[in-house]
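Bear in mind that the values in this text are calculations on the coordinates, not laboratory data. The structure displayed is predicted, hence computed values, not measured ones. Virtual Cβ from ideal backbone geometry, glycine too; neighbours counted across all protein chains shown.
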């Protein structure tokens, strides 16, 4: 991408990689959901659905855990440095 014509005074262009798991909370959430059902034998699809529904409710009720999907530890450290 040619950023020469986009660069202006007091504007910095940040290029991001095309894909980063930590920038996509949905990927992290589905990873957590997979942990709920992985390597287990289930009676039927209804049992899996109930298990996943129950796990989603846990996430809905735990706001701090849900917020944790957004930041990785290295991001939190960088924010602390910036805020200092």
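Counting every alpha-carbon pair across the stretch 25-83, the share separated by more than 16 Å comes to 54%.
With neighbour counts taken as other beta-carbon atoms within 10 Å, the residues 40, 50 rank, fewest first, as 40, 50.
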